[in-house]
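See structure below.
The values are calculated or read from the model by the stated rules, or taken from the named source; none is laboratory data. Predicted model, so just to flag it, every value in this text is computed and none were measured. In this analysis, Cβ positions are derived from the backbone assuming ideal geometry, glycine residues included, and neighbour counts consider all displayed protein chains.
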Amino acid sequence: MATQHSRSAARLMMAPAVILLLGWMLVPLTMTLFFSFKKYLPMRGDSLERGLDWVGFANYTRFIGSSSFWPSVQSTLIIVGGVLVITVILGVLLAILLDQPFWGQGVVRILVIAPFFVMPTVSALVWKNMFMDPVNGILAHLWRFFGAEPVSWLSDASVQSIILIVSWQWLPFATLILLTAIQSLDSEQLEAAEMDGANPLARFFFIVLPHLSRAITIVILIQTIFLLSIFAEIFVTTGGSFGTRTLTYLIFQRVVDSQNIGLGSAGGVYAIILANIIAIFLMRIVGKNLDA
Amino acid sequence: MARAVTTRRKILTTAVAWTIGLLIFFPIYWTILTSFKSEAQAINDPPLFFFFDWTLENYSVVQDRSDYMRFLWNSVILAGGSTIIGVLVGVPAAWSMAFVPSKRTKDILLWMLSTKMLPAVGVLYPISLLFVQFGLLDTRIGLIMVLMLINLPIIVWMLYTYFKEIPVDILEAARMDGASLRQEILFVLTPMAVPGIASTMLLNFILAWNEAFWTLNLTAANAGPLTAFIASYSSPEGLFFAKLSAASTMAIAPILILGWFSQKQLVRGLTFGAVK
Amino acid sequence: MYLKNRLFGATALAMIAATGVSAENLVIATVNNGDMIRMQGLTDDFTEKTGHTVEWVTLEENVLRQRVTTDITTKGGAFDIMTIGMYETPIWGANDWLVALDDLSADYDVDDILPAMRNGLSYDGTLYAAPFYGESSMVMYRTDLMAAAGLEMPESPTWDFIREAAAAMTDRDNDINGICLRGKAGWGEGGAFITVTANSFGARWFDEDWNAQFDQPEWKNALEFFVGMMAESGPPGYATNGFNENLSLFQQGKCGMWIDATVAASFVTNPNDSTVADSVGFALAPNTGLGKNANWLWAWALAIPAGTQKADAAKEFIEWATSKEYIELVAANEGWANVPPGARTSLYANPEYQKVPFAQKTLDSINAADPTNPTVKPVPYVGIQFVAIPEFAGIATEVSQEFSAVYAGQQSIDDALAKAQALTNDAMEAAGYR
């Protein structure tokens, strides 16, 4: 197998990527940790050159003690969880559908993956203005057409609206991965089951779904990484009001609106901790499924 | 497809699939359509689907206000540059992980992914201060590096899952024949890895193109890509659906077209090792 | 293009010969409001006159604020001129982050700037940003609907009259809302509006010792009145409506009244954009008889960050963009109704401009606003719809989010006020005031 020579060559080849990422992680992380123990209010004239006051854990206790903290963790989990559930379930159904033979498969596939190419800012703007606007939005037109009172989406169903927008963006990704996984399914196995008189539902639960479990785990893992840091969708649509203030957004408010870098940095450290808890949780599942 | 499919079933599937496909695509279709309307027609009730006075006025207004080509060019350079550098760094790393695995390979891989979990806004100040310190603010090279680092974990992981699928027997056969490491990579591995590398590049090009936090916060007049272009159209005064649609269409059209043409590549490549 | 560059080059050379200043390329960050977009279109005039070229970074208001604030606090130096407001200017000026505009040329006539604007853009008597346009807020109403309701708008209405008129004009079947007001979260959006409304009800943000005042009855009265009136006569989903949303509702003829920035007057009376252009009347912002009208004072102004190497060229640009000549240039190209308002005294003395229907009411509204004495009870701060301390933007954004949740029917007024009280005091403690 691998010789000493090839092993050291391998290490050398890995070095650039590892060193770069280590730097990218450690330098800002160290600075964030440093700031989180300091009083750093740039608007009050605090700056690195003048030196920052050490405040111990004051920023940490203040960040977690704020009445917005726990609701923001909750919003984060609801939004991430909601999007995951929707994209995985619809993704599986869509993948199965797209795997069936029908006319215009190629075109439909293009239509389905198109939202993935739309930048988050644009999709948030389009949904907010042209669809969810309670007066001129197309959904309001539709509601009025059926004689219903238009819904104020972004205030009355704010969390659901965000979940809808983000799911629309990520559904193509889930569908694509699940579709390739389904295509690798042995069709003879399915046929055999069909011969044995297994109904479609049974075939789905006992053959298709187990086969997809690995792909589903990967969809969940990758999407979680991206979803934990969604920002543009909230910034553009609700600005964090109506229960859509995620942890990321709360940090944004502390850093940018309040210009309290110390407090925001402490929040950043909490966000990293939360992300890692979720990561460890995910890795447990993935680790089993992903015998890398 | 081995299964016999009745025509009736095929018709039904076709109808359902097309309905869903069009429904998912509708927001994009509507944006493109609205960009050819006048502002008054854009908010007409009932909505106008085809029969209205098509106009290019919105595009000329948008072009008058901002130099689209400059933003587009920056987008191309930033997304392209970061993707190329990312692949140059990522291929050797992924190669060694896939073919010379050690006990720590999996840990390193997962650690790389975890660097993506650092919320960008939490490190806005550190990164801004570093950029100012090193004179990277509003430079393309600075942004290329940031975008590359953001996406590197995904690049490495995608390539790794690809390379894993390349049968080791072939490599060993090549080694038996006395191929050097360089030859091994150049003549055996590369041809087999090209599709994987291509789809990796494609996905990262899309991700870099759509990145909107750093590209907005670290640029001014020189390096701003299309995400900065769209940031000046998000809430103009008065009626603006048509102009917003035109600007949106201009921002997403290039990547949409690229995506469509390379759709097959992307579909084949986006497995992340999901297929065994 | 080549020829044009050559020409600019030649002009630039002439300028060097004449003044000894070399031609610079200025990077200017600005907001995407109509007046600024117009200024972008007229940049060539500046380049011809001075030889300096200009590159624009045009951003939406929230993005702009985030971008320029980060740049100034990290000393990024990405911009030579920044467009900032009356809130930022005194705070940044106090930190020595801006170049003082105390040596503007005699031609510029700095004394012509409206006193309210000049005071608001100065710190310690020194001007730090030149107003590009200034605004207050006032009532804009549909004269036809008002007449149909059999009512007549007084010069200076009370809130009770506004509420009564709004109810009378509301016609839900025809999609007409009696009144459209800002409910959108954000200190510069709904936060600004509810603050001036509260001022007119006798409320204040802080008492003399910087204690939050949301536990006082005045705030509750103001909120109850506002929520009640909007429930009767406001548009659906007003909790997410800001300036732009209301502007487009009003232009489409869906509002009987709209109380908002005076600059909107030129948009609602412009027949190209507005379906109701010829039936709009104006009045001072309402009051409750306590001596304060519910109007604010704001200016978008141009300032030079202290780090720039091109301060001289930047000053030339500011002198050009906020000059009397610029106003005349816009008037010649686009008509008097479209010139940037609210910055210069001479504009309101101009007989041509006096013919513009909203000119006098705009000036009256601006003059009725007093940032140094904004509330009925005494306060330790300056600013009407804002409190000119660095912590305010963060606090007020969160407070206004609590209020927007009330407007959307998601929490009670008492809950929102209790949360606002707690979070304001907490933030003030963190900043060392209490």
Listed by range, helices (runs of 4 or more DSSP H) wholly within the stretch B:151-225 having at least 1 residues that are among the aliphatic types (A, V, I, L, M) and more than 10 Å from every other protein chain (Cβ to nearest Cβ) are B:168-176, B:190-210
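Quick check: is even one residue across the stretch C:114-131 within 22 Å of B:LEU226 (Cα to Cα), crowded, with 19+ Cβ neighbours inside 10 Å and within 18 Å of the chain's Cα centre (by Cα)? Please lay out each step first, then the result.
Of the residues in the stretch C:114-131, the ones within 22 Å of B:LEU226 (Cα to Cα) are none.
Among the residues of the stretch C:114-131, not one is within 22 Å of B:LEU226 (Cα to Cα), crowded, with 19+ Cβ neighbours inside 10 Å and within 18 Å of the chain's Cα centre (by Cα), which makes the answer no.
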Just one listed residue, out of B:PHE52, B:PHE134, is free of Cβ contacts under 8 Å to residues at least 60 places away in the same chain, aromatic (Phe, Trp, Tyr) and under 30 Å from A:ARG11 (Cβ atoms), and it is B:PHE134
Checked pairs for the stretch B:155-177, first closer than 24 Å to B:LEU202 by Cα, second polar (S, T, N, Q) and outside any helix (DSSP H, G or I), C-beta under 7 Å and 6 or more apart or across chains, list as B:THR161/B:THR271
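The rows are residues; the columns are (1) out of contact with any His (no Cβ under 8 Å at 6 or more places or on another chain); (2) within 22 Å of C:ILE91 (Cβ to Cβ); (3) outside the structural domain of C:TRP92 (by TED's automatic domain parsing); (4) in contact (Cβ under 8 Å) with a residue 24 or more places away in the chain.
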| residue | (1), (2), (3), (4) |
| --- | --- |
| C:VAL280 | yes, no, yes, yes |
| C:ALA285 | yes, no, yes, yes |
| C:ALA306 | yes, yes, no, yes |
| C:ALA311 | yes, yes, no, yes |
| C:ALA314 | yes, yes, no, yes |
| C:TRP336 | yes, no, no, no |
| C:ALA343 | yes, yes, no, yes |
| C:LYS361 | yes, no, yes, yes |
| C:ASP364 | yes, no, yes, yes |
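Residues checked against (1) aromatic (Phe, Trp, Tyr); (2) free of Cβ contacts under 8 Å to residues at least 60 places away in the same chain; (3) within 28 Å of B:ASN204 (Cβ to Cβ):
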| position | (1), (2), (3) |
| --- | --- |
| A:TRP170 | yes, no, yes |
| A:ILE182 | no, no, yes |
| A:MET195 | no, yes, no |
| A:ALA202 | no, yes, no |
| A:ARG214 | no, no, yes |
| A:ILE220 | no, no, yes |
| A:THR224 | no, no, yes |
Flagged in the stretch A:59-92 as free of Cβ contacts under 8 Å to residues at least 60 places away in the same chain and more than 9 Å from every other protein chain (Cβ to nearest Cβ), in numbering order, are A:THR61, A:TRP70, A:GLN74, A:LEU77, A:GLY81, A:VAL85, A:ILE89
Of the listed residues (C:TYR108, C:TYR2, C:TYR87), the one being within 18 Å of C:GLY134 (Cβ to Cβ) and either modelled with pLDDT under 90 or surrounded by fewer than 23 Cβ atoms within 10 Å (Cβ to Cβ) (or both) is C:TYR108
Within the stretch C:48-75, of all residues that are in contact (Cβ under 8 Å) with a residue 60 or more places away in the chain and in a loop (DSSP other than H, G, I, E, B), the one nearest to the other protein chains (Cβ to nearest Cβ) is C:LYS75
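Considering only residues that are among the basic types (Lys, Arg) and farther than 20 Å from C:GLU135 by Cβ, which ones fall in the stretch C:34-60? Steps first, please.
Taking the stretch C:34-60 as the starting set, the residues that turn out to be among the basic types (Lys, Arg) are C:38, C:49.
C:LYS49 - this is the single residue of the stretch C:34-60 that is among the basic types (Lys, Arg) and farther than 20 Å from C:GLU135 by Cβ.
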The condition from (1) surrounded by 16 or more Cβ atoms within 10 Å (Cβ to Cβ); (2) over 30 Å from C:ARG172 (Cβ atoms) that A:MET195 misses is numbered (1)
In the stretch C:385-398, residues that are more than 11 Å from chain A (Cβ to nearest Cβ) and either in a helix (DSSP H, G or I) or of a type in the set (A, V, I, L, M) (or both) total 2
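Do we find that B:LEU266 is modelled with pLDDT of 80 or more, within 11 Å of chain A (Cβ to nearest Cβ), assigned to a helix (DSSP H, G or I) and farther than 27 Å from C:VAL68 by Cα in this structure?
No: the conditions fail for B:LEU266.
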Counting only residues in the stretch A:2-24 that are surrounded by 13 or more Cβ atoms within 10 Å (Cβ to Cβ), of a type outside the set (Gly, Ala, Ser) and modelled with pLDDT of 85 or more, the one nearest to C:GLY76 (Cα to Cα) is identified as A:TRP24
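Just to be sure, is B:ALA220 more than 16 Å from the chain's Cα centre (by Cα) and assigned by TED's automatic domain parsing to the domain that holds B:VAL76?
Details: more than 16 Å from the chain's Cα centre (by Cα): yes; assigned by TED's automatic domain parsing to the domain that holds B:VAL76: yes.
Yes; evaluated as a whole, the condition is true for this residue.
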Among (1) more than 14 Å from chain A (Cβ to nearest Cβ); (2) buried (at least 24 other Cβ atoms within 10 Å of the Cβ), C:GLU224 falls short only on (2)
request  = Would you check if B:THR227 is surrounded by fewer than 23 Cβ atoms within 10 Å (Cβ to Cβ), at pLDDT 90 or above and within 30 Å of C:ASN241 (Cα to Cα)?
outcome  = no
Requiring at least 1 residues that are facing another protein chain (nearest Cβ under 7 Å), modelled with pLDDT of 90 or more and over 22 Å from the mean Cα position of the chain (by Cα), the helices (runs of 4 or more DSSP H) wholly within the stretch A:100-165 are A:105-113, A:138-145
Checked pairs for the stretch B:182-210, first assigned by TED's automatic domain parsing to the domain that holds B:VAL156 and without any contact (Cβ under 8 Å) to a residue 40 or more places away in the chain, second part of a helix (DSSP H, G or I) and surrounded by fewer than 18 Cβ atoms within 10 Å (Cβ to Cβ), C-beta under 6 Å and 6 or more apart or across chains, list as B:GLU184/B:ALA174; B:VAL188/B:ALA174
Subset of the stretch B:94-139, residues over 23 Å from A:THR32 (Cα atoms), within 7 Å of chain A (Cβ to nearest Cβ) and under 22 Å from the mean Cα position of the chain (by Cα), comes to B:LEU109
Of the conditions (1) of a type in the set (Asp, Glu); (2) surrounded by fewer than 24 Cβ atoms within 10 Å (Cβ to Cβ); (3) within 14 Å of chain B (Cβ to nearest Cβ); (4) within 27 Å of C:VAL68 (Cα to Cα), the single one that C:ASP273 does not satisfy is (4)
Of (1) within 19 Å of C:ALA264 (Cβ to Cβ); (2) without any contact (Cβ under 8 Å) to a residue 40 or more places away in the chain, C:GLU352 satisfies every one except (1)
C:ASP173: passes all of (1) without any contact (Cβ under 8 Å) to a residue 12 or more places away in the chain; (2) charged (D, E, K, R); (3) outside any helix (DSSP H, G or I) but (3)
Of those in the stretch C:399-421 that are under 17 Å from A:LEU154 (Cα atoms) and assigned to a helix (DSSP H, G or I), the residue farthest from the other protein chains (Cβ to nearest Cβ) is C:VAL406
Test: residue in the stretch C:147-168 that is crowded, with 17+ Cβ neighbours inside 10 Å, of a type in the set (Val, Ile, Thr) and at pLDDT below 95
no
Practice task
Inspect all residues belonging to the stretch A:80-90 and state whether any of them is over 27 Å from A:ALA232 (Cα atoms) and crowded, with 16+ Cβ neighbours inside 10 Å.
Solution key: no
